[in-house]
Every structure is written in structure tokens, then in C-alpha cells.
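Student: Got a structure here, written out as C-alpha cells. Questions coming.
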Amino acid sequence: MGPGRLVTDGQLAGRPVYIGARLPRVEDERLLAGRGRYVADVHLPGAVEMVVLRSQLAHANVRVDLSAVSAADGVVAAVTADDLVGVSPIPDFFTDARPVREFLLQQGRARYVGAPLAAVVAADRYLAEDALELAQVEYEDLPAVTTIEDALAPGAPLLFDDWPDNRVVVMPDDDPETDRVFASAWGVVHGRYRIQRHTAVPLETRGAIAEYRDGRLTVWTSSQIPHILRTLIAMVLHIPERDIRVIAPDVGGGFGAKAQVFPEEFLVCWLARRLGRPVRFVEDRNEHLQATGHARDQLIDLEAAIDERGRIQAVRGSIFHDVGSGEIYPCGFNPSAVTWSAITGPYRIAHQRVDVTCVVTNKTPSGAYRGFGNPEAAFVIERLMQKAAVAAGVDPLELRRSMLLAPDDLPYTTPTGSIVSSGSHRPAFEAVIEGGKVAVERARARFAGRSDVRIGLGFANYLEGTVPSYFPNTGNWGGQDSVSVRFEPDGGVTVASGVTTTGQGVRTMLATLAADTLGVPLESIRVVIGDTDEAPYGLGGWGSRSTGVAGGAMLKAAGTVREKARRIAAHLLEAAPEDVIVADGAFRVAGSPESSVTWRDVATAAYVRTLDLPTDVEPGLESTATFVPPGIDHRPRPDGRMNACATYTNASHAAVVKVDLGTGAVTVLEYLVVHDCGTLINPVIVEGQIHGGVAQGLGGALLEDLPYTPEGQPMAVTFMDYLLPSATDVPPISIEHFESPDPNMPYGAKGAGEAGIIGPAAAVAWAVEDALAEFEIDEITETPVTAPFVWRSLQAARARTSAASPVGTR
């Protein structure tokens, strides 16, 4: 396996051929050749198009008259909430959250701009859009609540009349020892940090097409969670789950935005069943920015008790999270729980008391986005660490060195209950420091003599929980997943799994694990995912979980198949099963290498020449197994702590930036990542995930923002206003891998899907402050760090310097 790799004895058929190799992805040839099939590519005979009438006000009582719409050319159906007979609200499974009772269309009240008021179905999209303009909508304007502060203010307008206030979730924390540490601390530093509202923007917008035929409903949808969606469709539309098939075809990016269920997915199903013909919905980009789940939008008030060397001994404070109207499933409050869990990062901080409050506002509902609360935590603790270093007068790098987890600290339990079994926290930091110093000197040499620019270097460390429980996020599901392994008579293998892909190479991962676990060629394996009729029940793709859960299920299913195959092979070889070994795609008798049979021989006997089977072995060669990740808490323990993830990755990042003193523009010149996700199944895929994550993280750090007016009108509803990083904004990214296998995880693997996005905001903020150190700008306490923000900071610093200068000097 190579140094540091961990695979339990007996898990693999022979020496690994594929695990750890830099193999091309098996799915890419089809996609690069333009043979991908996305939801918009699904064309069914007789299909009609659905469009949605959306609220133009953020908070209003609404009446909709569709009589003119129904009479328009080409219109097949026009419905409001009153027409949705036999439809239930999406269930509120969360016992600790106030219920929002989300219905598919607004029932007389809109709570955000873009809220669905009605659906219109016509022969094509153009006719449907034209008819939509004939809708008569009466608004009774209501006061809007658009900030966390407004939502929490006494007497604030209520989004839900039966709630006493706008708090959807309150998670108080309790640790008396924290207050005792603060009472005796050498010093206390405090910060108030804001992470802006932004969102995943996948290349493919949301879409769904449904067909009801022969008593069965089939829906194609760009979803990360097809089995969960099937269960919810059954609950909401009251259709037996056996009569529902959900297919997630090729999905052009998800990043968490498609790990929610949306009203349109239910609406196309209800309408297809009612109309007896396929119904399709594909949102445009304007709809996506208004109606698809937003994310982040946290305000964190945190203070740290420090000793004379700046080391943080305890933290306490509050996390406030704006979840928009809350009308999304799963509701977006759980990222703030992850922030709470991760806020001490990879540092030895013994105590924590941090409360969490999630509020509803008249903004688009907030949901999942890559990183899921971890970028917020990394930004805050790294910012507070800088303040601690300044307060104690110590080198910020030395401070972090003194606090980072060391090998002797492992396994380590964080103050919130997370159990870290393995990692390379200090070595990764040392490696990124070494690389960062070389990179910043290279940049300074490049811009030497330029008086209008400054160069800076910043770092970030983080700890990321992967392979989590889904119960805290859904109130229903746990963390398991399943894999089926089936040999065909010719010796080929079909692997089906409940995990899904949104482009992260899941098919390659499953084929790789199957090939090495069974000892068969990679090209002999076919992978099936994203189809609830073909794959065993699974929870989908999210939380950097796919390798962990699918790997565990693969080992169980493949192990069962392999042992049955060994018995068949032994019978064919006239040997005892314990004398048969599996290696290099064949079964051999130990000590007699010339005596062997192939997998094809065994599979043919299992299905075709069944008379060749042992009398006590049934025909067939397949198995389905479910894996439950070890050590996960699905609910908080009695002390309020919980270990919500099966394993934890770590990484250290460095950013080298150039700041233009005239405009405030920040350019990231180089970016460095030292990453440890345990055993690398495929380094190429991991690096691709890190590159993409860093690009998204830089977008959130420097550009992306979803502001609202005080009346709740969104101000970024096109790419003219919502700024994404382009190729020119993403610098060269260097990646170094460390491998600290988790002894409790299959293959020793952890997860890498969200790795790159966590560190950029923290690293960039430090780098900008480092570049502008001579000007003594105010601490950067919020994102994005835009050019106007930096320019204003420089002007304010210069004004302070001027005011402090003696009269008459310049």
C-alpha cells in the first residue's frame, strides 16, 4: 500500500493495484465527448413545461387570480396552493426547531422575494412564460425583517404568526469551567465577525422532469439525495414508495445546493400524475439566485481567554445565523451547529461555551453549501488567534505551533466532543510555512520597485469532520449507506451504491475499491448510482462521506462475494477452501500456482454451469451490504457534546496576495495547500476537489455576496451583480499530500470533497493585513474582502495617521 497506508488484513484480494494510483477518471471520456445526459437533456414524448410565478415582495399577504392565465394559448394547467388536493406539507422532523410547515406553493403569504405562488404548465417554456404575465397578483405589503439584528429586536415583525419570536432554533451551551478559566485568565481578546450570505452556483441550475405511467411515477432530477427525495415524495404526495423511481442523471455540480428538496420537484410529480403526461421544470439563473438555497450569513461574537504566551485556554460567545425564511428542507440551521463544533479547529483549546441562535428573515431560505459551517469556524478562530498573538506580543506562527495538535495528543477529544483519531496537524503547518515563505519572496522579487503595491502572506489551519450523521441536519436519517456487488456470468462486475455524484469522481472511486478488494481488472467493473430502482437505499452525496460509507459497505459486500467465490473455486480445483488464495484475478491452490481458475470460471459456474457448484452452495454470486460509520453520535450526549462525524481531516493553507494601494484590489498570486485525508484512493481526484474548493473559497473571500435592501429586495440576481471568480482570479495552486490513515475507517480513508473551501477566507484576510501592516489598518472582521472595503480601510488608516501628526507636517 505504500508508507502510512492502512488496510486491515483480509480486506483486499492481493497487493493493491489501483488504490493510490494516479488513474484517469472512468467517467470523463463520456462527459468530455459531450455524451453526458443532464435533466435538460431528458426529452419525453408529450412533455410540457412548468414555470413558477414568484413573489415580487419579501413579506406580504398574497392573492393570486389565474383565470386569464388558464385561458391563454397553449396553457395546460395553472394552479395555486388551493388546487393541490391530496398534498401534505413537507414534514417538520426537527423536534428542537420550530415548524415552518413548508407547502409546495405559498398559502396566502409570501416570506421572501422569489417564493413560489403558482405554477403554470404549457406546451413550451415560451408560452408558459407569456401566460405567466397575465396573472393577477394582489399584495398586502407587510413589514420585512432582513438582518439578524432586526429579527432579534424586541417587537420585530413575525414571519410566522404562531411563533413568539423569529428564533427557529436556539442551542444554549453550558460549560461552567469556561467561566472559571476566564475569571483567572492572563488576558481576554474579543472579536465580532461576520461571514456574508453567498451560495453555491453550479453550472447546471436545478431541474426536474416527471412522468406517471403504468401506475408508477418516475422523476429525473438534479439531486444529491435521490433516495431521500423518493421517501419525501411518498410522504408529501401519498404515493407508495415502491411506485416511485427517482433518477439523478449526470449532475452539473451540486456543492450542497442540490442536497435540499425543493417545491418544484414535488410539483412536477403532482402535475404529471394529474395531467397524465410528462412535466418538466428547469430554472433559469435569475430564479436560481433568488429561489435556490443560500448559505453562510453568520454573525459570530467570540472572546478568548489567553495566557501570557497568547495561548487560548477557553472561548465563549454566540453564533447567530440567518436562515432566511426557513422554508426549505432540510432547513439551513445545522451549518451553525457545525461552526459550533469546529470553532476551536485543530488547536488544543480545552474549554468552550458558545451559544447558537438561528433566526428567520424575509430572505431566500438558507441551506447547505460546500464546507457547511467549517469556513466560518476557520475564519473566526484564525482571526481571534491573530488578536491573541498581538495582545501577548508573540509571533503568530509560534503561537499556532504551540497550540496545534501533536501526534502525542491523539486521539484527542475537542471541547465539543469531536474525537480526532489521526492527523498531521503540526507537520502540515510546518510544510505550508516553508512553502509560503518561498512563495512570498518570489512575489516580492517579482514586484520589487512597485511603490503602488504591497505583498502579503497569510495562513490558515483547520480540522474538518467528514462522514457525518445526517440526523442533525434532517431530523430523520442517520449516516449509513449501502453497496451491492454482483458478478455477471462472464466474470464482469456490477457495483451499485446509494452514494451519488455531482462530478466528484464517485464512479471511479467505487470501481477502484471494487477492483482492488475483489482482485479484478478495473475495466471489468460497471458502476450504477443515482437510480432508486437500480441502487440499494442510500443517503446520497454530501458531507465528504462517499468514500467512507461506500468503502465500508464495499468491504462487507465484496468480502461475502469473495468468500462464496472461494468455496466455488475450491470445489472446481478439488481443494479445501482454506487452501485457495485470490490474487491477480485468479484463484490458486497455495503451493500449486499452476492449478488455478479465473473469476470468469467461478461466475460461469455460479450462474450457467450450476451443476458444477458444491451441493451446499446456491446459484448466484452477489451480495448487498450496509455500512454504519463507527463512533458517530446522532444526538447530543447528556453533557451536550457530540461526535457527529466518523473521522476528521486536517489541512494547512497559505495565500500570497498583492494589494493595489490605489484601488484596494486584492489579487491572490499563489495558493498553497498541505492536506491530509488519510489514505489517498486517487490523488488526481483529491487534487481536483481541492482545486475546485479553493476556487470557491476565494470567491467567498473576495467577491461573492448576496445583499438585500431593507425592504427585502435581493440586489444580486444576475451575474452582473453576483461576482464569481473567473480563471484570472484563481492563482496557481500547489498541493502537498500527507497521509494519516484513520484506524477506524475502511481503507484508512477520510474525505476530501469539501477540503479546499475551508481555508481561503482566513488565509486571505491574514495575507491582506500582512501586506498592509505598515498602514495599521483595522482588523479584518468580515468577508468578502473587496476592493472598496480595502480602499476604505486604507483611507481610514491614513486619516488616523494624519490626525495624529503634528500640525503643519505631512
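The values are calculated or read from the model by the stated rules, or taken from the named source; none is laboratory data. These figures come from a predicted structure and were not determined experimentally. Don't worry about glycine lacking a Cβ; one is built from the backbone with ideal geometry, like all the others, and counts go over all protein chains shown. Accessible surface areas use protein heavy atoms only, side chains included; no ligands, DNA or RNA. Shrake-Rupley method; radii C 1.70, N 1.55, O 1.52, S 1.80 Å.
Student: With respect to TRP340, is the statement that it is open to solvent by 10 Å² or more (accessible area, probe 1.4 Å), more than 26 Å from GLY465 (Cβ to Cβ) and of a type in the set (Phe, Trp, Tyr) true? Break it down stepwise before answering.
Tutor: Values: open to solvent by 10 Å² or more (accessible area, probe 1.4 Å): yes; more than 26 Å from GLY465 (Cβ to Cβ): no; of a type in the set (Phe, Trp, Tyr): yes.
In short, no.
Student: Give the residue that is farthest from the chain's Cα centre (by Cα), with candidates limited to residues of region 166-189 that are outside any helix (DSSP H, G or I) and β-branched (Val, Ile, Thr). It would help to see each step written out before you state the result.
Tutor: So in region 166-189, the residues outside any helix (DSSP H, G or I) come out as 166-175, 184-189.
Now drop any that are not β-branched (Val, Ile, Thr), which leaves 168-170, 188-189.
Numbers: VAL168: 22, VAL169: 21, VAL170: 23, VAL188: 34, VAL189: 32 Å.
Applying the filter and picking the extreme gives VAL188.
Student: If I filter region 537-560 down to residues being over 26 Å from ARG370 (Cβ atoms) and surrounded by fewer than 24 Cβ atoms within 10 Å (Cβ to Cβ), which single residue comes out as farthest from the chain's Cα centre (by Cα)? Talk me through it step by step, then tell me what you get.
Tutor: So the first thing to find is which residues in region 537-560 are over 26 Å from ARG370 (Cβ atoms), and the list is 555-560.
Next, only the ones that are surrounded by fewer than 24 Cβ atoms within 10 Å (Cβ to Cβ) stay: 555-556, 559-560.
On the way: LEU555: 25, LYS556: 27, GLY559: 31, THR560: 32 Å.
Here the residue is THR560.
Student: Now a separate question. Give all pairs with beta carbons closer than 7 Å in which a residue from region 411-425 that is part of a strand (DSSP E or B) meets a residue that is open to solvent by 10 Å² or more (accessible area, probe 1.4 Å) and among the aromatic types (Phe, Trp, Tyr); count only pairs at least 6 apart in sequence or on separate chains.
Tutor: Close Cβ pairs satisfying both conditions: VAL420/TYR412; VAL420/TYR648.
Student: Can you say whether ASP395 is more than 30 Å from PRO91 (Cα to Cα) and either open to solvent by 10 Å² or more (accessible area, probe 1.4 Å) or polar (S, T, N, Q) (or both), as far as the supplied structure shows?
Tutor: Details: more than 30 Å from PRO91 (Cα to Cα): yes; either open to solvent by 10 Å² or more (accessible area, probe 1.4 Å) or polar (S, T, N, Q) (or both): yes.
When the stated conditions are applied, ASP395 passes them.
Student: A follow-up question, please. Answer with yes or no whether VAL694 is open to solvent by less than 50 Å² (accessible area, probe 1.4 Å), outside any loop (DSSP other than H, G, I, E, B) and of a type in the set (Val, Ile, Thr). So that I can check it myself, show each step before the final result.
Tutor: Working: open to solvent by less than 50 Å² (accessible area, probe 1.4 Å): yes; outside any loop (DSSP other than H, G, I, E, B): yes; of a type in the set (Val, Ile, Thr): yes.
Taking the combined requirement at face value, the residue satisfies it.
Student: Mind listing just one residue for me: the one in region 107-144 that is among the basic types (Lys, Arg) and in contact with a strand residue (DSSP E or B) (Cβ under 6 Å, 6 or more places away or on another chain) and, of those, most open to solvent (accessible area, probe 1.4 Å)? I'd like the intermediate steps shown before the answer.
Tutor: Initial filter on region 107-144 (among the basic types (Lys, Arg)): 109, 111, 125.
Filter once more, keeping what is in contact with a strand residue (DSSP E or B) (Cβ under 6 Å, 6 or more places away or on another chain): 109, 125.
Numbers: ARG109: 32, ARG125: 59 Å².
The qualifying residue most open to solvent (accessible area, probe 1.4 Å) is ARG125.
Student: On to the next question. In the set SER422, SER418, SER469, which member is in contact with a helix residue (DSSP H, G or I) (Cβ under 8 Å, 6 or more places away or on another chain) and surrounded by 20 or more Cβ atoms within 10 Å (Cβ to Cβ)?
Tutor: When all the criteria are applied, what remains is SER418.
Student: Are any residues in region 269-293 over 23 Å from the mean Cα position of the chain (by Cα) and either among the small types (Gly, Ala, Ser) or surrounded by fewer than 23 Cβ atoms within 10 Å (Cβ to Cβ) (or both), and if so, which ones?
Tutor: Let us first name the residues in region 269-293 that are over 23 Å from the mean Cα position of the chain (by Cα), namely 269-281.
Passing the criteria: ALA272, ARG273, ARG274, LEU275, GLY276, ARG277.
Student: Any chance you could count how many residues in region 313-327 are part of a loop (DSSP other than H, G, I, E, B) and open to solvent by 10 Å² or more (accessible area, probe 1.4 Å)? Talk me through it step by step, then tell me what you get.
Tutor: Here is the first cut: in region 313-327, the residues part of a loop (DSSP other than H, G, I, E, B) are 323-327.
Keeping just the survivors that are open to solvent by 10 Å² or more (accessible area, probe 1.4 Å) gives 327.
Qualifying residue count for the region: 1.
Student: Return the only residue of THR147, THR80, THR95 being polar (S, T, N, Q) and open to solvent by less than 40 Å² (accessible area, probe 1.4 Å).
Tutor: Numbers: THR147 fails: open to solvent by less than 40 Å² (accessible area, probe 1.4 Å); THR95 fails: open to solvent by less than 40 Å² (accessible area, probe 1.4 Å).
Answer to the check: THR80.
Student: Are there any pairs, at least 6 apart or on different chains, whose C-beta atoms fall under 7 Å, with the first in region 365-394 and free of Cβ contacts under 8 Å to residues at least 12 places away in the same chain and under 22 Å from ILE328 (Cα atoms) and the second in a helix (DSSP H, G or I) and among the polar types (S, T, N, Q), and if so, which?
Tutor: none
Student: May I pose another question? Go over the candidates GLU308, GLU241, GLU265 one by one and state the one that is more than 30 Å from VAL390 (Cα to Cα), open to solvent by 20 Å² or more (accessible area, probe 1.4 Å) and touching a helix residue (DSSP H, G or I) at 6+ places or on another chain (Cβ under 8 Å). Steps first, please.
Tutor: Details: GLU308 fails: more than 30 Å from VAL390 (Cα to Cα); GLU265 fails: open to solvent by 20 Å² or more (accessible area, probe 1.4 Å).
Residue meeting the stated conditions: GLU241.
Student: All but one of (1) open to solvent by 50 Å² or more (accessible area, probe 1.4 Å); (2) free of Cβ contacts under 8 Å to residues at least 40 places away in the same chain; (3) under 24 Å from GLY293 (Cβ atoms) hold for PRO725, so report the exception by its number.
Tutor: Of the numbered conditions (1) open to solvent by 50 Å² or more (accessible area, probe 1.4 Å); (2) free of Cβ contacts under 8 Å to residues at least 40 places away in the same chain; (3) under 24 Å from GLY293 (Cβ atoms), the odd one out for PRO725 is (1).
Student: Right, something else. Yes or no: ALA439 assigned to a loop (DSSP other than H, G, I, E, B), more than 30 Å from ASP639 (Cβ to Cβ) and either among the aliphatic types (A, V, I, L, M) or at pLDDT below 95 (or both)?
Tutor: Values: assigned to a loop (DSSP other than H, G, I, E, B): no; more than 30 Å from ASP639 (Cβ to Cβ): yes; either among the aliphatic types (A, V, I, L, M) or at pLDDT below 95 (or both): yes.
No: the conditions fail for ALA439.
Student: Output the number of residues of region 294-305 satisfying the condition of being closer than 21 Å to VAL394 by Cα and open to solvent by less than 10 Å² (accessible area, probe 1.4 Å).
Tutor: 3
Student: Looking at ILE209, ILE233 in this structure, which one is within 30 Å of TYR722 (Cβ to Cβ) and either within 27 Å of the chain's Cα centre (by Cα) or not hydrophobic (A, V, I, L, M, F, W, C) (or both)? Show your work before the answer.
Tutor: Working: ILE233 fails: within 30 Å of TYR722 (Cβ to Cβ).
Selected residue: ILE209, the only one of ILE209, ILE233 that is within 30 Å of TYR722 (Cβ to Cβ) and either within 27 Å of the chain's Cα centre (by Cα) or not hydrophobic (A, V, I, L, M, F, W, C) (or both).
Student: Additional query: Going through ASP770, ASP778 one at a time, which residue ends up being in contact with a strand residue (DSSP E or B) (Cβ under 8 Å, 6 or more places away or on another chain) and either open to solvent by 70 Å² or more (accessible area, probe 1.4 Å) or assigned to a helix (DSSP H, G or I) (or both)?
Tutor: On the way: ASP778 fails: in contact with a strand residue (DSSP E or B) (Cβ under 8 Å, 6 or more places away or on another chain).
Within the list ASP770, ASP778, the selection yields ASP770.
Student: List, please: which pairs have Cβ atoms under 9 Å, are six or more places apart or on different chains, and start with a residue in region 314-331 that is among the hydroxyl-bearing types (Ser, Thr, Tyr) and end with one that is surrounded by fewer than 24 Cβ atoms within 10 Å (Cβ to Cβ) and in a strand (DSSP E or B)?
Tutor: If the second residue must be surrounded by fewer than 24 Cβ atoms within 10 Å (Cβ to Cβ) and in a strand (DSSP E or B), the pairs left are SER318/LEU299; SER318/ASP301; SER318/LEU302; SER318/ASP355; SER318/VAL356; SER318/THR357; TYR329/VAL261.
Student: Kindly evaluate ASP452 against the criterion of being touching a Lys or Arg at 6+ places or on another chain (Cβ under 9 Å) and either at pLDDT 95 or above or open to solvent by less than 10 Å² (accessible area, probe 1.4 Å) (or both).
Tutor: No.
Student: Moving on. Test of understanding: among ALA755, ALA749, ALA767, ALA763, which residue is farther than 26 Å from TYR193 by Cα and touching a residue at least 12 places away in the same chain (Cβ under 8 Å)? Please lay out each step first, then the result.
Tutor: Numbers: ALA755 fails: farther than 26 Å from TYR193 by Cα; ALA767 fails: farther than 26 Å from TYR193 by Cα; ALA763 fails: farther than 26 Å from TYR193 by Cα.
On inspection, the qualifying residue turns out to be ALA749.
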